[in-house]
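Coordinate-derived values only; no laboratory data. Because the structure is predicted, anything quoted here is derived from the model rather than measured. Don't worry about glycine lacking a Cβ; one is built from the backbone with ideal geometry, like all the others, and counts go over all protein chains shown.
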Amino acid sequence: MTSILLKQWMKEKRNPLVLLIFIILSIAATLMFGGDRGSKIEIEVFSASGEISDSETEWLRLLNSGDTFAFTEQEEKAAKKKLREGRADLTLKLLPDDYRIIAVMEGPNVQLAEQYIYSVYKRELQLRSAAETVQDKLEFRESVQSVLEQPPLKLKLQASDGGAHVPYDMGLQLLFGFTLFFMMFTVGYKVNVITGDKTSGIWNRLILSPLSKTQIYLGHLIYSALAGILQIVVIFLVFHYGLNVKLGDQYGLLLLVIVCYTVTIVAFSILMVGMMRTPEQFHMLFPAVIPIMPLISGVYMPPGTITSSILLAIAEVIPLTHAMEALTSISMYGAGMSDIWLPITKLLLIGVICMGIGINLMERRNA
Amino acid sequence: MNVFFKKDFLVYWRDRKEMLIAFILPLVLVVILGFALSGWVENSNENIEIKAALVMLDQSKEGLERFQYKLNSLPLTADEKTAISKAAEAFIPGAMLLDMLNSDETKGFLNITQLDEESALKQLNEEKVDAIILVPEGYTEAALNSLLLRKGGEAEITLTADTDSLNVQVLQNMLDSFLSDVNNQAALSSASRSYGGAEISGAEASLPLVGGMEQMEGVEMITSFQYFALAISIFFALSVSTTTASKSITEKREQVFMRILLAGTHPLRYLAGKAASTFCMSVLQLAVLLVISHFIYDLFPGKSLEFWIGLSFILIMLCLAIAALAALYTAMLFRMKDADVASGISFLLLIVFGIIGGNLVPIYILPDWAISLGNVTPNGLALSMLLQWIQGSSFDDLWQPVFYQAIFCVAIVGASVWIFPRRGRL
């Protein structure tokens, strides 16, 4: 086993470029796509009259007081162009004390924005119409504002044990999602060395050597897993120390999930390698299969968005689903071992099945 | 070139099982997304079903009576007292909450059961309900005191939930907006009382008729299904370039290319064969995918012949760019010592292009700079052109991206010819 590890390492040392490019690019991509946390959704605004008037500037100020959306002024033509190209979900047209939402595509953000914008307009217009009937409008406004600053009725959120209710951190979910997603490519790429060895004849020589099959497979498995684990750990360290993202305080458990997930992905890659004969075929299938996984696992959407039972059933057999569940519950809800044993067991089960079928396929091809 | 074109198609044919996967996989994906999207983006409120338990410990009638009784003992003028007492009758928050939760509008997706505290908690722990809404004892009195007299602390409704799922968030948003409406009404009515304005009663405040959706003139809405079907088809067509390139690895390994050179053929003919076969393959793949999904799902209902011609033109431009990319990857492969490095790079480029072009992830989760960068990739450009074309843009709006796509092709072809080893350089 150690000789396989050593062989892999020597190959890497002689030609470190590929793995380095892979790991660095994956880390960069995770940082770029997952690191954009908590930023507001930008909505471009233009005025129907052509130029933003004073009263429209006031509306913009009111709209921008929320914390989900950021409204920015834009030329009508540019805003519409961006919309038509599919690079923006919606744009807002300001009319005198009125507005229109312009969208060309249905999407979750359009509904959200519509609700928000309407509530802002409703509040302000009600305030204005009430203010019409009084003498001192400014003081009236201030008095209303002072009440609303300390609202008399409130909603209190709590967990069932009386503790604080933890708001869901979508940014953290995306971060985990992208980290796990990109790691699959590194691991797949490393496992694919086996098909490379097969086509170049190294595999046959390995079989003839005194090494047992178990040792050969274990060597490859451990090496690929180490590469994957290294990548995730580096990303988490960068996020924790570099960008000050809170990942919870149970690093041991996080590491456990990462290791289980990586081993499962190695097993999955072995299954793919078992199905393919040459590294080229693997290159064709692997990048086509992987990007589907986060879509079905619901990595890009808030939890509970996918309701189709067919999709949920498919998601159960995807390792990413369970790893995401374990990681988010550890770092958001402080889950302990008793809470995450189920997803971990499912992960390992998928791993064992993939590995079993994969090695079987591979051995059959050899015979 | 003909010979090489035929050779490359035979190479594809040899791996027909894999090619079949490449054809079937995107179809499966489109089918799956057809399922997923119907419950996700389109009509997103219809599929939501929230189960909540309501624990009502407050007696609103007694609360109101107690409030009115205590009001009488306050040092206020009789007029003020009647005004406040009248306002109080219109502002019973517990009753308003019940009305809101039981209204026809919310009944469609909200399932409320009244329970006592203990069994509600039990149901929450068994995950039979998503959340518990608890209205505490004496809520009406506290709320009225706080709303109308600004006395006492704030009155709180408690929402108990263990997860922060979409259902809980929807419920929370509902309650939040309900409470802030009541707050707002109370603030308005108390302010207008003290500044001598007209009486505003809580329940019947007029809702301003503003807002609404507007469509751009001559622009048709795109369904999210159209978007994803196109995005996926484009991505799989793009991946043909990587496939072609990785098939050349075998030809490099097995010295096929050397033998071709020894036969006295110009090396560029080999490259041209690669590009031509990639072009045909990606056209074939796009055609099959779009035609099948059009017949299964009625992807583009009621479009004119002109639309289909334009669509084909944009897709053919895309396939030319894909062919150029395949030539570039192949050239890189022969130029680099280690073919794995070259194929690794093409593999990564495929993923990066796919992500920033909006083919692999929903575009709204990407940062702004990545979205604008996506327009520089051939797949992102083709996607945005197609979106505009579906909306009914005229060709005048599109000549610019078409021109850019053409420049991209020429530049990539130029680069690959330059990189590709000529005679004597191998």
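Side notes on the structure shown:
- Pair-distance profile P(r), taking every C-alpha pair of segment B:346-426, with 10 angstrom steps and integer %: 17, 37, 30, 12, 4, 0
- The amide H of residue A:156, built 1.01 Å from its N in the peptide plane, has B:157, B:158, B:159 as neighbours under 5 Å, considering only residues 5 or more places off or on other chains.
- Eligible lysines near residue B:6 by straight Cα distance, threshold 29 Å, same-chain separation 8 or greater: A:198, B:17, B:247, B:252, B:274, B:337
- Per-residue HN-Hα couplings for segment B:265-272 [Karplus 6.51, -1.76, 1.60; θ = phi - 60°; Hz; x = Gly/Pro]: 8, 5, x, 5, 5, 4, 5, 5
- Sparse packing (at most 15 other Cβ atoms within 10 Å of the Cβ) combined with a DSSP loop state is found for the following trypsin sites (Lys or Arg not before Pro) in segment A:1-106: A:37, A:40.
- Based on alpha-carbon atoms, the Kirkwood radius and the radius of gyration of segment A:235-311 give Rg/Rh equal to 1.07.
- Under Stokes-Einstein, with the Kirkwood radius over Cα pairs as Rh, the value for chain A at 20 °C and 1.002 mPa s is 88 µm²/s.
- For peptide A:272-278, the mean count of partner chain Cβ atoms within 10 Å of a residue's Cβ comes to 2.
- The fewest-to-most ranking of B:238, B:290 by surrounding Cβ atoms within 10 Å reads B:290, B:238.
- For segment A:20-130, the relative contact order is 24 percent, taking Cα pairs closer than 8 Å that sit 6 or more residues apart in sequence and dividing their mean separation by the residue count.
- Exposed GluC sites (Glu not before Pro) absent - longest run of chain A, DSSP non-H/G/I/E/B, at most 13 other C-beta within 10 Å: A:133-367
- The fewest-to-most ranking of B:422, B:193 by surrounding Cβ atoms within 10 Å reads B:422, B:193.
- With a simple spin-label model that places each label point 7 Å from the Cα along the Cα-to-Cβ direction, the separation between residue A:317 and residue B:20 comes to 1.8 nm.
- Rh by Kirkwood over Cα pairs, then Stokes-Einstein D for chain B at 1.567 mPa s and 4 °C, µm²/s: 48 µm²/s
- Rg to Rh, two decimals, where the protein assembly as shown supplies the alpha carbon set and Rh follows Kirkwood: 1.04
- Between amide H atoms placed 1.01 Å from N, distances below 5 Å from residue A:71 occur with A:43, all of them 5 or more places distant or on a separate chain.
- Relative contact order of chain B, pairs being alpha-carbon contacts under 8 Å that are 6 or more residues apart, as %: 18 percent
- Sites matching trypsin sites (Lys or Arg not before Pro) across segment B:83-190 that sit in DSSP coil, with at most 16 neighbouring C-beta atoms within 10 Å: B:128, B:150, B:151
- Angle in degrees between helix A:337-366 and the longest Cα principal axis of chain A, rounded to the nearest 10: 40 degrees
- R0 of 25 Å, Cβ-Cβ distance residue A:24-residue A:233: FRET efficiency to nearest 0.05: 0.95
- Rounded D (µm²/s) - segment A:142-213, Kirkwood Rh over Cα pairs, Stokes-Einstein at 10 °C, 1.306 mPa s: 85 µm²/s
- Cα centroids of segment B:298-355 and segment A:217-262: 34 Å apart.
- Taking segment A:168-274 and dividing mean pair separation by its residue count, relative contact order in percent (alpha carbons under 8 Å, at least six apart): 43 percent
- Counting only residues at least eight positions apart within a chain, or on another chain, the aspartates and glutamates with an alpha carbon under 12 Å from that of residue A:246 are A:169.
- A simple count of charges around residue B:179, restricted to other residues whose Cβ falls under 12 Å of its Cβ and scoring Lys, Arg +1 and Asp, Glu -1, yields -2.
- Model label sites at residue A:241 and residue B:106, defined 7 Å from Cα along the beta-carbon direction, differ in position by 5.0 nm.
- For segment A:80-201, the average shadow cast by the Cα convex hull is 15.8 nm², which is a quarter of the hull's surface.
- Residues of segment B:173-192 with amide N under 20 Å of a point placed 7 Å along Cα→Cβ from residue A:142: B:187-192
- FRET efficiency for the residue A:251 to residue A:218 pair, using the beta carbon distance and R₀ = 22 Å, is estimated at 0.25.
- Lysines with Cα under 22 Å of residue B:122, excluding same-chain neighbours fewer than 8 positions away: A:156, B:51
- What the Cα convex hull of segment B:255-335 gives, in volume per residue, is 105 Å³.
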